[in-house]
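Just below is one structure, and these are the notes that go with it.
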Amino acid sequence: MPRSRPVMRPRMGKDSPMNLVVLAGGVGGGRFLLGVRAVAQAANTQVTAIVNTGDDVWLHGLRICPDLDSVLYTLGGGADPARGWGLRDETWTVLEELAAYQAEPSWFGLGDRDLAAHLVRTGLLARGLGLSDVTEFLCRRWRPGVRLLPASDDGIETHVVVAVEGRAGETRRLHFQEWWIRHGARLPALRFDYVGAEEAAPAPGVPEAIAAADVVLIAPSNPVVSIGPILAVPGIREALRRCPAPIIGISPIISGAPVRGMADRCLAALGVPCSAAGVGELLGARRNGGLLDGWLVDSADDPTTVRDVPVLARPLWMTDEAATQAIVVDALALAHG
């Protein structure tokens, strides 16, 4: 059995800024980071967000990074609060013109303002810049207030293996975006593959940020398609297991249902119960070869037990930024032990 690692307390001195690392993805990850940023600004804390790239996809010749963009737009104050994704005050002229040409794929919504980021990103990638450099460039426009790093500069795409209806034993593979947006995650998933992850490397700065962290938080993002692709990059899981900082996860499941999205259908493909305990066991205790030194669950899920992991129950609904800040404070309190 692996030896237990001591949980180190974060440095809190004014002359020694605390380094906080957050693994995140999706709209929920962006909203969580709003609370992280607010707490950090009041506590002399530097924040690095390591963001999922498994949702990335090529469409219409453009490299689209939905999770990076969701986080960027949310922290930059440009996200559309009504839709929950994309930019506010968006227009759809290009999408309408693509439809007039009957250009495929027609199921992915490209707004005109959103399109600008994809054009800039694709152009810079074509000039030989890495995704981390491109992300840093885009941050000059949106000023997110935290350091944003893609999990990897290498191409990673989450694919979903589904059964072919009416053909016993036959399967087909879809990009996650097609499964989620075009089919609404209605096709039962048999497996999720992180294509390209085995050959990928952590983006520049990712291992160093983890090694220097005083606390690592795993955001309440989808554990399979948002956190899973990050952990699939060789070197990241190992860096987390080696880091001296406590790793605290926040449950994305409340009362047996996802806070948002399709995590229940993703977990079903892994045979994992859709519960706070189920996701906690999936991530596992660091002393047993997993990742967690603490697990924050919603008050409605008290009591929850995860083998060899301290569990704290507190309200987890991110109803506004103040509520989200309280979640972050509770997670840091659990880290402090």
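The values are calculated or read from the model by the stated rules, or taken from the named source; none is laboratory data. The structure displayed is predicted, hence computed values, not measured ones. Reconstructed Cβ throughout: ideal geometry from the backbone, glycine too, with neighbour counts over all protein chains shown.
Points to keep in mind about this one:
- So Leu72, is it part of a helix (DSSP H, G or I), surrounded by 22 or more Cβ atoms within 10 Å (Cβ to Cβ), out of contact with any strand residue (DSSP E or B) (no Cβ under 6 Å at 6 or more places or on another chain) and in the same structural domain as Pro315 (by TED's automatic domain parsing): yes
- Residues of segment 304-337 satisfying the condition of being surrounded by 16 or more Cβ atoms within 10 Å (Cβ to Cβ) and assigned to a loop (DSSP other than H, G, I, E, B): Thr304, Pro310, Arg314, Leu316, Met318
- Enumeration of residues in segment 123-143 that are closer than 17 Å to Asp67 by Cβ and in contact with a Phe, Trp or Tyr (Cβ under 9 Å, 6 or more places away or on another chain): Trp142
- Scan of segment 284-320 for residues that are more than 23 Å from the chain's Cα centre (by Cα) and basic (Lys, Arg), ordered by number: Arg287, Arg307
- Counting only helices (runs of 4 or more DSSP H) wholly contained in segment 226-303, no element carries 3 or more residues that are in the same structural domain as His183 (by TED's automatic domain parsing) and out of contact with any Gly (no Cβ under 6 Å at 6 or more places or on another chain).
- Boolean, Gly235 is surrounded by fewer than 20 Cβ atoms within 10 Å (Cβ to Cβ), at positive phi, without any contact (Cβ under 8 Å) to a residue 12 or more places away in the chain and of a type in the set (Gly, Ala, Ser): no
- Given (1) over 20 Å from Gly196 (Cβ atoms); (2) part of a loop (DSSP other than H, G, I, E, B); (3) among the small types (Gly, Ala, Ser), index of the condition Gly128 fails: (1)
- Taking segment 94-122 as the range and being assigned to a loop (DSSP other than H, G, I, E, B) and either exposed (fewer than 13 other Cβ atoms within 10 Å of the Cβ) or touching a Lys or Arg at 6+ places or on another chain (Cβ under 7 Å) (or both) as the test, the residues that pass are Tyr101, Gln102, Ala103, Glu104, Ser106, Trp107.
- Only one of Val259, Val279, Val225 that is modelled with pLDDT under 95 and either closer than 26 Å to Ala200 by Cα or β-branched (Val, Ile, Thr) (or both): Val259
- Every condition in (1) touching an Asp or Glu at 6+ places or on another chain (Cβ under 8 Å); (2) not in a loop (DSSP other than H, G, I, E, B); (3) not aliphatic (A, V, I, L, M) is met by Thr91 except one, and the failing one is (2).
- Cβ-Cβ distances below 7 Å connect the following pairs, each with a first residue in segment 246-264 that is over 23 Å from His183 (Cα atoms), a second residue that is assigned to a loop (DSSP other than H, G, I, E, B) and charged (D, E, K, R), and a separation of six or more residues or different chains: Pro246/Asp293; Ile247/Asp293; Ile248/Asp293; Ser251/Asp298; Ile254/Asp298.
- For segment 180-202, the criterion of a residue being outside the structural domain of Pro315 (by TED's automatic domain parsing), in contact with an Asp or Glu (Cβ under 6 Å, 6 or more places away or on another chain) and modelled with pLDDT under 95 is satisfied by no position.
- Any pair with Cβ under 8 angstrom, 6 or more apart, that starts in segment 203-232 at a residue that is touching a residue at least 40 places away in the same chain (Cβ under 8 Å) and ends at one that is acidic (Asp, Glu) and assigned to a helix (DSSP H, G or I): Ser226/Asp67
- The one condition in (1) under 22 Å from the mean Cα position of the chain (by Cα); (2) of a type outside the set (Lys, Arg); (3) modelled with pLDDT of 95 or more that Leu119 fails to fulfil: (1)
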